[in-house]
Amino acid sequence: MGELAQYLVTGVGLGCAYALTGSGLVVIYRVTRVVNFAQGSFAVLAALCVTTVLAAGLPHGVAEGLGVLLAAVVGLLVGLVATGKPGTTPQAALIVTLGLGVFAYAVEILFWGDQPRSFPGLGGAIGGVQIHYLLIIAVTAVVLGAVALLFARTDLGRALTATAADPYAARAVGIDVVRMGLFAFAVGGALGGLAGVLITPVQQVSFDSDVALVVNGFSAAILGNLTRPGLTLAGGLLLGVVSALVGGYLSTAYQSDVALVFMLVVLIARAGRRDVVEAA
Amino acid sequence: MKWAYPVAAVIALVLPAFLAPGQLTVFILLGLSAMAVVGLSLLMGYAGQVSLGQAAFTALGAYTSGLLSLHHTPPLLALAAAPVAAALAAVLVGVPVLRLRGHQLAFATLALQILLLSVLGGAEWAGGAVGLQGLPYLSVGGFELDQDLDYAYLVVAGVLLVSLIAHRLVRSRVGRGLRALATGEMAAEASGVPVGAYRLLVFAVSAAFAGLAGGIYSFFLGYLAPGSFPVLLSIEYVVMAVVGGLGSIAGALLGAALITVGVQLLTTLATQPGMPSYAPSVLSYAVYALLLIAVVLFVPKGIVPTLRRSS
């Protein structure tokens, strides 16, 4: 397989992780209007948890599942702290999630130390591309498809969408808006955890990886203004491929800057017509 | 509360003479944080915006001073250039970026800081990841500031200067305009407040404060690296500003003092024999986090404004 094809596959693999993190942000933001700064911590916690569970002798699959489950529970807890107190504004909740992200540092260093960690993924390579990247792509496709079905086809999903569209009207028809918000946080936590579990075999994780993760996820999601799952996936894939190409043909030093520059450009370009798009 | 200012000033002037060398370093770093936090508190309190990139301006100031003094610029001039460079940079990025609001601005400022660190880390003229070393001491007319105590008083002077400028700004026509802006942008704009210009002004001023702190930092420590100004430093500034009370100068000073001293006490405790090696970082992260969360949820106005209201 040619060099270009390798970069494309790794790029799509990385992009899937960005898209998963971004989708977590989107699910939470749509339902609660809170931008969850602790989104990267879900990934780090899940990945670190998997290293421990694997070391304890549990098989692959189970270990990764437990990591994602832990991230969902942590997501629920973050939601409880950030939105549980009545009258907390989304702006205040953003700062609370920032604090929770820092609190996660304390927990992570306490249990796992401050050195980067990793665990083996799916071994082997086809034509110079690690098979693990293909696994990332396959799992992401299945999971994001399932999330889309959940939102479109189930009563729970419709209740979530209703809450996102108009919390007041949703409450009027008997939807428990607070519970929907917490459920969104749990789903967001699981998606973030999944991103961490999938990416760690090809990219070490340490306690402070969360900032890069949340920034990449936010950059992926910003294309769809944090509300459009489809555009978030597109944004993630675009960023993944472009940064893999930049890393491959230019310099790995600039690789992580791609998402940052992209985010700034999209934000500023959109701010020009802010009055139309956003009232708040 | 009127007595608090002279008391604080007297403490700040007398205390350094009695501090041990290690404590003096903490005192100086506290003062430098306070300068940056006064600026951030103005920005967050009066312009109503969250910035997660304040440490970028500290870094800009530090690198400006450091590079100039390495290239044989008179030290005092190099120090004066630090806040100017930071303010200019703020104006430059502020024009596009300050059109953003809320979480968008928070992420944009965060992205700008990470980009700046990445550029500094890759730039040979800035020493790359190793940074700048062997920076000269600050000297004024033949008198070289080579003692920690000299820098302690320099920092006290810096905090005083920054607080006075902030105080004047808040009490001026601009300050009233900014207050109107923070409570209702549309109403302020309709009453003729030049919203964009004022917001840019307060952004530039807050950057200049951080830049001045960075300049003093470069002369005090004598070396700089991109790693000296991590994202976490910006978050620490936010914690200090929020805990003390946004928009309050006294709050910014109190927040910086409370958190620096608190974390220092815990670090001392955590480095006692028998404590595990990770104890200091675990404890300080936990304190930053819990204080920030508790204050946002239960004392949303911050300590100083809440005390003022109740007294």
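Rule-based calculations on the coordinates, nothing more; no lab input. Because the structure is a prediction, the values reported are computed rather than measured. In this analysis, Cβ positions are derived from the backbone assuming ideal geometry, glycine residues included, and neighbour counts consider all displayed protein chains.
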Discussion item. Let me make sure I get this right: for the stretch B:70-181, a, b and c are the square roots of the gyration tensor eigenvalues over alpha carbons, sorted descending. Under 1.5 in a/c it's rounded, otherwise prolate if a/b > b/c, else oblate. Which is it?
Written reply: oblate
Worksheet entry | Rough spin-label spacing in nm, given labels placed 7 Å along Cα→Cβ, for A:GLU3 and B:LEU221 | 3.9 nm
Practice prompt. Quote the relative contact order of the stretch A:79-201 in percent (integer), defining contacts as alpha-carbon pairs under 8 Å separated by 6+ residues.
Written response: 24 percent
Fill in: Phi to ³J(HN,Hα) by Karplus 6.51 cos²θ - 1.76 cosθ + 1.60 over the stretch B:22-32, Hz, x for Gly, Pro
x, 5, 5, 4, 4, 4, 5, 5, 4, x, 5
Discussion item. Quick check: the angle from helix A:39-55's long axis to the longest principal axis of chain A, C-alpha only, nearest 10 degrees?
Written reply: 50 degrees
Response to the item:
In debye to the nearest 20, the charge dipole size for the stretch A:3-272, taken about the Cα centre with +1 at each Lys and Arg Cβ and -1 at each Asp and Glu Cβ, equals 700 debye
Item to complete: Would you be so kind as to identify which of B:LEU116, B:ALA210, B:HIS167 lies farthest towards the positive end of the dipole of the stretch B:83-218, taking Lys and Arg as +1 and Asp and Glu as -1 on Cβ and the Cα centre as origin?
Response: B:HIS167
Worksheet entry | Dipole in debye (nearest 20) - chain B, about Cα centre, beta carbon charges: Lys, Arg +1; Asp, Glu -1 | 1240 debye
Response to the item:
Between the Cα axis of helix A:62-83 and the main Cα principal axis of chain A, the angle (0 to 90°, nearest 10) is 30 degrees
Worksheet item: Which listed residue (A:LEU4, A:GLN130, A:THR140) has the Cα farthest towards the positive end of the charge dipole for the protein assembly as shown, taking +1 on Lys and Arg C-beta and -1 on Asp and Glu C-beta about the Cα centre?
Response: A:THR140
Practice prompt. For the protein assembly as shown, give the magnitude of the charge dipole about the Cα centre (Cβ charges: +1 Lys/Arg, -1 Asp/Glu; no others), in debye to the nearest 20.
Written response: 1880 debye
Practice prompt. Subtract the Cα-Cα distance of A:ALA269 and A:ASP166 from 0.36 nm times their separation in residues, and report this length gain in nm to one decimal.
Written response: 34.3 nm
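Give me the net charge of B:PHE229's neighbourhood, meaning all other residues with Cβ under 15 Å from the Cβ of B:PHE229; Lys, Arg count +1, Asp, Glu -1.
So the environment of B:PHE229 carries a net charge of -2.
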Worksheet item: Between B:LEU145 and residues 5 or more places away or on another chain, which pairs have amide H atoms under 5 Å apart, with H built 1.01 Å from N, and which residues are they?
Response: B:LEU138, B:SER139, B:VAL140
Fill in: Selection from B:VAL261, A:TRP112, A:ALA63 lying farthest towards where the dipole of the protein assembly as shown points positive, charges on Cβ
B:VAL261
Worksheet item: Shape call for the stretch B:4-310 from the C-alpha gyration tensor, a ≥ b ≥ c root eigenvalues: rounded (a/c under 1.5), prolate (a/b greater than b/c) or oblate?
Response: rounded
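Can you give me the relative contact order of chain B as a percent, contacts being Cα pairs under 8 Å and 6 or more apart?
Working: 490 pairs, mean separation 98.1, N = 311.
Normalised by residue count, the contact order of chain B is 32 percent.
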Worksheet item: So how tilted is helix A:257-271 from the main axis of chain A? Cα-based, degrees 0 to 90, rounded to 10.
Response: 30 degrees
Worksheet, complete the sentence: Taking R0 as 56 Å and r as the Cβ-Cβ distance between B:ARG309 and B:SER277, the FRET efficiency 1/(1 + (r/R0)^6), rounded to the nearest 0.05, comes to 0.80
Worksheet item: Among rounded, prolate and oblate, which fits the stretch B:25-106 when a ≥ b ≥ c are the square roots of the eigenvalues of its C-alpha gyration tensor, a/c under 1.5 means rounded, and a/b larger than b/c means prolate?
Response: oblate
